[in-house]
1. Which of (1) at pLDDT 85 or above; (2) out of contact with any helix residue (DSSP H, G or I) (no Cβ under 6 Å at 6 or more places or on another chain); (3) not hydroxyl-bearing (Ser, Thr, Tyr) is the odd one out, the single condition Ala58 does not satisfy?
2. Any idea which of Val174, Val218 is touching a helix residue (DSSP H, G or I) at 6+ places or on another chain (Cβ under 9 Å) and among the β-branched types (Val, Ile, Thr)?
3. Could you tell me whether region 165-179 includes any residue that is more than 22 Å from the chain's Cα centre (by Cα) and either over 19 Å from Val60 (Cα atoms) or not hydrophobic (A, V, I, L, M, F, W, C) (or both)?
Amino acid sequence: MAEGHPLSATLQLASFVGEFADALDFLFHERESVSGQTEIGGSELFHLTGNHLALSAASVGLAALIAVPLGLVLGHYGKGEFAAINASNVGRAIPTLVLLAVFVAYLGIGFVPIMLSLALLALPPILTNTYVGTRQVERDSVDAARGMGMTDAQLISRVELPLALPIIFAGVRVAGINVVATATIAPLGSVDSLGTPIIAANVYGRDGRLGAAIAVTVLTLALSAGLAALQRAVTPRGLKLAPTRSRRHRLLTPLRRRAEATP
């Protein structure tokens, strides 16, 4: 049957829907592996998802522990701009698999080498956003706080950090999404994650590979939505109102001028 024929397209669509349904069934119901030696799918996904989240949280947490203080200090003093701004480009230029190979070569396999390689993936966006957020704090606010006798440490912790939090969390959000999506490489370092069914296709089959891919996608979208809500929650109320006030000012100013010009 020639390609492009309506019947051919219908059969392809039906095949795709069937494969998608089988992948969803893998997520919710246990079944025998391809070799028939073990049970896969269903409740096993809780274990894989738990490992995936634990690895991702540890990696992003370690990256934030390093990048946030460093970005705050560099941003406060206005130093290291080139390194901080271009950190994201460097992070994208170095494949995570290369970092994993290096850490495995020196540290062996296990949780720690995977975590370190993913932490280096998460560090650049957090560092860049922290630096940029700190530098974008209004100098008038900083000067006023300094005039009140605050030290540099107090300026960073009480003025610049709270005002830069929304931008910092935007960097954490990007880092979290990147890490959760990339943690599928963990089985290469002998750590189970949602990448296990994707990599071990000879055990999990096509349904397991597609089901795990769906699970990673859903997890990434849920994390993105959750971090976005958290970002809005940590944004100071004054910063939330500022754009609204700015738009209202732009709308009312012409009306006021017109009213004043009217005799």
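1. Every condition holds for Ala58 apart from (2).
2. Val174
3. There is no residue in region 165-179 that is more than 22 Å from the chain's Cα centre (by Cα) and either over 19 Å from Val60 (Cα atoms) or not hydrophobic (A, V, I, L, M, F, W, C) (or both).
The values are calculated or read from the model by the stated rules, or taken from the named source; none is laboratory data. Keep in mind that this is a model prediction, so the values were computed, not measured. Because the Cβ atoms are built from the backbone with ideal geometry, glycine has one as well, and the counts that use them run over all protein chains shown.
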